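What follows is a short report on a single structure.
The values are calculated or read from the model by the stated rules, or taken from the named source; none is laboratory data. The structure presented is a predicted model; accordingly, all values stated were derived computationally and were not measured. FYI the Cβ positions are ideal-geometry reconstructions off the backbone, even for glycines, and counts take in every protein chain you see. Keep in mind that these areas ignore ligands, DNA and RNA; they rest on the heavy atoms of the full protein, side chains included. Shrake-Rupley method; radii C 1.70, N 1.55, O 1.52, S 1.80 Å.
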Amino acid sequence: MKLESKTVAGVAVLFILGIGLALLPQRADSRAPQMSDPEPIPAYHPQIPEGPLPATLSPELFDVAEVQNAYAIAARIKKTLYQVPCYCHCDRSHGHGSLLDCFVSKHASVCEICMRETFFSYEQGRKGKTAAQIREAIIRDDWKSVNVSKYQTYPAAK
């Protein structure tokens, strides 16, 4: 009987301590993102590699014109896409190293962010912008204003 009462008392003390700890104010983790912190820049490569770039998937693998256009354009501007980040943060979720990796797989076919950034990169390249300039514009979120409607027929608008 004595052992049982000690066990019950011990459990009660642990329970009370647990509640007490739960009610203590929590100290903020200094590594936690703050509301004023800028969004981290996703992975990209600052310059093209010396070797060949990976092939993008064929546009014909997809039924949706907008997706076909995104893959067709990605194949044309692989060097640029290799040097820009992708703000769907697939670098975290899929291990991608840049926007180009999205088009080496089927990932971009289901991601509007990947497609919009690619259309933006294509348009800016046609205006004479360098990959570094395009990257800076993407980081500023300029890609969000791209007019996707002109890419809804295949082949891609010139």
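The combined condition, being at positive phi and either hydrophobic (A, V, I, L, M, F, W, C) or in a loop (DSSP other than H, G, I, E, B) (or both), is fulfilled by Gly95.
Does Ser105 count as under 22 Å from Leu53 (Cα atoms) and under 13 Å from the mean Cα position of the chain (by Cα)?
Values: under 22 Å from Leu53 (Cα atoms): yes; under 13 Å from the mean Cα position of the chain (by Cα): no.
Taking the combined requirement at face value, the residue does not satisfy it.
Here Cys102 passes the criteria (1) surrounded by 22 or more Cβ atoms within 10 Å (Cβ to Cβ); (2) outside any helix (DSSP H, G or I); (3) free of Cβ contacts under 8 Å to residues at least 40 places away in the same chain except the one numbered (2).
Each residue in segment 49-83 was checked for being in contact (Cβ under 8 Å) with a residue 60 or more places away in the chain and touching a Phe, Trp or Tyr at 6+ places or on another chain (Cβ under 6 Å), and 6 of them qualify. Only a single item in (1) open to solvent by 50 Å² or more (accessible area, probe 1.4 Å); (2) in contact (Cβ under 8 Å) with a residue 12 or more places away in the chain is not met by Cys90, and it is number (1). Here Val13 does not fit the description of being assigned to a helix (DSSP H, G or I) and at pLDDT 95 or above. Asn69 meets all of the listed conditions (1) crowded, with 18+ Cβ neighbours inside 10 Å; (2) more than 19 Å from the chain's Cα centre (by Cα); (3) modelled with pLDDT under 95; (4) not small (Gly, Ala, Ser) but one, namely (3). Within segment 137-157, residues that are under 22 Å from Ala75 (Cβ atoms) and in contact (Cβ under 8 Å) with a residue 60 or more places away in the chain reach partners that are crowded, with 17+ Cβ neighbours inside 10 Å and acidic (Asp, Glu) with beta carbons closer than 8 Å, at six or more positions or on different chains, in the pairs Val148/Glu66; Tyr151/Glu66; Gln152/Glu66.
Identify, please: which residue in segment 72-92 is part of a helix (DSSP H, G or I) and under 17 Å from the mean Cα position of the chain (by Cα) and is, among those, farthest from Met115 (Cα to Cα)? Across segment 72-92, the extreme among qualifying residues is Arg92.
When you look at Ile48, is it modelled with pLDDT under 95, in a loop (DSSP other than H, G, I, E, B) and within 16 Å of the chain's Cα centre (by Cα), yes or no?
Values: modelled with pLDDT under 95: yes; in a loop (DSSP other than H, G, I, E, B): yes; within 16 Å of the chain's Cα centre (by Cα): no.
For Ile48, the condition - modelled with pLDDT under 95, in a loop (DSSP other than H, G, I, E, B) and within 16 Å of the chain's Cα centre (by Cα) - is not met.
Every residue in segment 119-144 that is in contact with a helix residue (DSSP H, G or I) (Cβ under 8 Å, 6 or more places away or on another chain), of a type in the set (Ser, Thr, Tyr) and surrounded by fewer than 19 Cβ atoms within 10 Å (Cβ to Cβ), please.
Within segment 119-144, the first condition is being in contact with a helix residue (DSSP H, G or I) (Cβ under 8 Å, 6 or more places away or on another chain), and the residues that meet it are 119-122, 124-125, 129, 131, 133-134, 137-138, 142-144.
From what's left, of a type in the set (Ser, Thr, Tyr): 121-122.
Residues satisfying the conditions do not exist here.
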